[in-house]
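So the structure is just underneath, and the comments pick up after that.
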Amino acid sequence: MTQVISGSGHHVDATTLLLEASHVTMQFGGLTAVNDVSLNVHAGEIFGLIGPNGAGKTTFFNCLTGLYKPTSGEVRFAGEVLPPQPRLVVRAGMARTFQNIRLFHNMTALENVMVGMYSRTKTNAIDAILRLPRHRSEELASTERARELLEFVGLSSAADTLSRNLPYGDQRRLEIARALATDPKLLLLDEPTAGMNPQETRQAEELIFRIRDLGLAVLVIEHDMRFIFNLCDRVACLVRGAVLVEGQGDVVQNDPRVIEAYIGTPPSEEPISDRGPAGTDQNEGSADA
């Protein structure tokens, strides 16, 4: 199996500050969905974001990735202020998946991954129409790289299958492959195990570890507590749009405020972070303000 993810070959320093969100606030009329949130993610780190439904997690993701322009606050990536434009955010090195699968269902798995590469291609529409040599060369390279990424996520045999015909777990992995095709430094995953069975959840955990081991940082929203605390270096809990607590997983999961606001069961009665197989604590829905 190929180990090539980044065409540029990222060399990471875990002390490098990659994402810096400072005092991000998002208001919709009189509703404050995200309230003065400040978070940092370092290169090569897996950072988890948890919280009850409606806590503002996905809205915060939308602020980071340019889908929303924050009412106030600032988002910096690799030291530069990010403009609220998704295309420019992707080019800066940030890619994401969504709560609800957003594949091109009438395209094959291979074609879906190739779509992700268009943010990095250099040839234009005229090159494509005239089938100029530089376009053909770039198209061949894109096809090869797409196949590498499908192999990396375990979907090499599904390259020519329409995405709508793939099993649910495979569709989730295909979304990750498409995001990786943009050559990111930071991958944002919005509930990547939602709806998965235990085996698929373990596979997702292993895949995220492999992505991290190849030099990417990962910021993940998830309701599965066993999964998130097994996976993440640091975790932040959002409640009513604000950060309730942030820190290493064992600190967060044992914080009485988190237990009261979200987990609901004292860790002494139901241990979570045992480094064992990821579980399926998915009693929360996917809606998030």
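Counting only residues 5 or more places away or on other chains, whose amide H sits under 5 Å from the amide H of A242 once H atoms are built in the peptide plane?
N35
Under the rule of at least 5 residues apart or a separate chain, name every residue whose amide H is placed under 5 Å from the amide H of L188.
A95, R96, T97, L219
Using label points projected 7 Å from each Cα along Cα→Cβ, tell me how many nm separate E74 and E151, to one decimal.
4.4
Return the sequence-ordered ³J(HN,Hα) values of region 249-255 in whole Hz as given by the Karplus equation 6.51 cos²θ - 1.76 cosθ + 1.60 applied to θ = phi - 60°, using x for Gly and Pro.
Values per residue, Gly and Pro as x: x, 5, 5, 5, 5, 9, 6 Hz.
Could you sort 242-252, 189-199 so that the peptide with the highest average Cβ count within 10 Å comes first and the rest follow in order? It would help to have the intermediate numbers written out before the result.
Details: 242-252: 16.9, 189-199: 19.6.
In decreasing order of mean packing, 242-252, 189-199 become 189-199, 242-252.
Can you give the FRET efficiency to the nearest 0.05 for N106 and N254, using r as the Cβ-Cβ distance and R₀ = 41 Å?
0.30
No lab work stands behind these numbers, since they all come straight from the coordinates. Note that the structure is a prediction, hence the values are computed from the model and not measured. With ideal geometry, Cβ positions are generated from the backbone for all residues, glycine too; neighbour counts draw on all protein chains shown.
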